[in-house]
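What follows is one structure encoded as structure tokens, with my remarks underneath.
The values are calculated or read from the model by the stated rules, or taken from the named source; none is laboratory data. None of the values given here were measured: they were computed from a predicted structure. Backbone-built Cβ (ideal geometry, glycine too); neighbour counts: all protein chains shown.
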Amino acid sequence: MNLSTQLKELGLSPLNTLVGSAHNLYKMPFDTVNEYKGSIIADNFHYHYENNEFYRDLCKKKDVRPEDVKGFDDLTKIPLIPVQTFKQCDSHLLMTSKLNEVEFEMRSTGTSGIPSVSRRDRLTMDSAFDSVVTTYREFFKLSRGMGLFLFPPTEEMPEMGMVKALNVFAGLLDGSVNLVKKITFNPEKAVEVLQSWDGKHTRHIVGPPFLVYRLIKYCMDRNIKLNLEKNSFIITLGGWKRFTGEEIPRAEFNELCHEYLGVQSYNVRDMYGLVEANMLAVECHKQEKHIPPWVHVSMRNPHNVLEEVEYGERGVIAIYDPTSISYPGFILTEDVGYLRKDTSCECGRNGQTLVYISRMPGVEVGCCAINLEKFIEEKEKGMAIKGGI
């Protein structure tokens, strides 16, 4: 009898049990955790197969039945949904839940202007928030301090995935200030706010890399050197490529954070996620991105995505996320990376660790952060032109 069956007989949710036991799971042997998550992912597959006509037809075309997926060793048999499917006008067909059960729509608009829409029902939202909060607590242990939020407040962009995920930090801190208002960012104001908290609070900066970089550049140009507290974090989400295609060098970014903001490099933490999944891969103090132990990542051959590549080999990132009830969370992304061969991290956690490299060649560069930067740049240019008239 597997863990999932045992927990169900006790009247417990296998998924919620794993999410609530994240800290312990990271300490367990890799193969043991694979057995546990393989069981709940297989159950999730069975649920979508039985309740989603669109996905069931896809599975039948791939000649995959529920009896073919019993546990971890069978996960690669689960048919994946290409992430671009969420951009199609008929993306509602992906839904396992009924449309009138949708509680929240999350969007990310690519440079083409076509939104990727992922719809979540109540159970999926419950699991998503549990997953995000549990992950934040595991890697940051935040319960105090002030947050300088370099992203719009949710009332301005309520459906932007990055904004929704990062705003969860507000509930873990004593207070926070959003400094991107009406698609503008004033770095001078950011410095003033940070200085006003000096000696009173531990100060944290949260936002996409390009806006943190803008703040640093403002300090560099004016030779301003802030000295944030020993336990201060700089937490980023949204990728390192700007909408222009230019990439922000990570090593240089870490050095500048230390020189101009006074934050040690091990407290500069990046996260990987996408709108269509509920997971965040968060960096530990060794700056390794850990996959949540209830989620599985598989790397696929770019020339044949049905073929899985070994740990350490570059491939297309495929995500198996059992927290998604409203639609199948088995997603083939357009991102390239690899999984570390060593499944035991120096931070003391076991499990999969992901190295993100880039988008697939030929794929448009578009995400929440990139589009936010594009909007800000366009608005600033418009204001400059108007000011010059």
So which pairs qualify, if the first residue must be in region 348-362 and β-branched (Val, Ile, Thr), the second must be in a strand (DSSP E or B), the Cβ gap must be under 7 Å, and the two must be at least 6 apart or on different chains?
Thr353/Lys289; Thr353/His290; Thr353/Leu339; Val355/Gly337; Val355/Tyr338; Ile357/Val336; Ile357/Gly337
Hey, could you check region 312-334 for residues that are among the small types (Gly, Ala, Ser) and not in a loop (DSSP other than H, G, I, E, B) and say which is nearest to Met95 (Cα to Cα)?
Ala318
For region 247-261, does any single residue satisfy the condition of being in a loop (DSSP other than H, G, I, E, B), among the hydroxyl-bearing types (Ser, Thr, Tyr) and within 19 Å of Leu194 (Cα to Cα)?
no
Being assigned to a loop (DSSP other than H, G, I, E, B), of a type in the set (A, V, I, L, M, F, W, C) and touching a strand residue (DSSP E or B) at 6+ places or on another chain (Cβ under 8 Å): is that true of Val282 here?
no
Residue, surrounded by the most Cβ atoms within 10 Å (Cβ to Cβ), within region 112-156, restricted to residues that are free of Cβ contacts under 8 Å to residues at least 24 places away in the same chain and more than 20 Å from Leu173 (Cβ to Cβ):
Met125
Is there any pair with a first residue in region 169-187 that is under 17 Å from His204 (Cβ atoms) and assigned by TED's automatic domain parsing to the domain that holds Tyr218 and a second that is part of a strand (DSSP E or B) and aliphatic (A, V, I, L, M) whose Cβ atoms are under 7 Å apart and which are 6 or more apart or on different chains, and what are they?
Phe169/Val206; Leu173/Met146; Asp174/Met146; Gly175/Met146; Ser176/Met146; Val177/Leu148; Leu179/Leu148
Which members of region 73-98 meet the condition of being part of a helix (DSSP H, G or I) and crowded, with 20+ Cβ neighbours inside 10 Å?
Leu75, Val83, Phe86, Leu94
Only residues that are part of a loop (DSSP other than H, G, I, E, B) and either under 13 Å from the mean Cα position of the chain (by Cα) or at pLDDT below 95 (or both): list them for region 285-311, please.
Ile291, Pro292, Val295, Pro302, His303
